[in-house]
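Take a look at the structure set out below.
Nothing in this text is a laboratory measurement; each read-out follows from the coordinates by a stated rule. The structure presented is a predicted model; accordingly, all values stated were derived computationally and were not measured. Neighbour counts run over all protein chains shown; Cβ positions are idealised from the backbone, glycine included.
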Amino acid sequence: MHELQVTESILDIVVKHARENHASKILTIQLKIGALSDLENEWLQRYFDYLSKDTLAEGAKLNIERTPVRM
């Protein structure tokens, strides 16, 4: 359930930057998440949809790219 806290932080960051840049709507958010992360894409989007209601990001799609492991 830690996706909730992560998603809340993502929303805070994107809304802050959108306001600073006088954006009227956020349509898409590009995220890169490491392949070893246990964050679930589906739950990130679900929580985002819930948290973003009545914000600039309402209805925005999270485009999540998994980055490969490097050692």
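Could you pull the Cα extents of the chain along its three principal axes, largest to smallest, in whole Å?
On the principal axes, the chain reaches 40, 24, 16 Å in Cα extent.
Could you work out the helix-only [θ] at 222 nm for the chain, with each DSSP H run of four or more residues adding -39,500 (n - 2.57) and the total divided by the number of residues, to the nearest 500 deg cm²/dmol? Don't jump to the answer; show the numbers that get you there.
Working: 2 runs with 29 residues, N = 71.
It lands at -13500 deg cm²/dmol.
To the nearest 20 debye, what is the magnitude of the charge dipole of the chain about its Cα centre, counting +1 on the Cβ of each Lys and Arg and -1 on the Cβ of each Asp and Glu?
For this selection, approximately 280 debye.
What is the extension gain from N21 to E42, computed as 0.36 nm multiplied by their sequence separation minus the C-alpha to C-alpha distance, in nm to one decimal? Spell out each step's value before the answer.
Details: separation 21, 0.36 × 21 = 7.56 nm, distance 2.87 nm.
Stretched out fully, the N21 to E42 stretch lengthens by 4.7 nm.
Quick check: net charge around A60, other residues with Cβ under 12 Å of its Cβ, Lys/Arg +1 and Asp/Glu -1?
Details: positive: K25, K53, K61; negative: D49, E58.
Neighbour charge sum, excluding A60 itself: +1.
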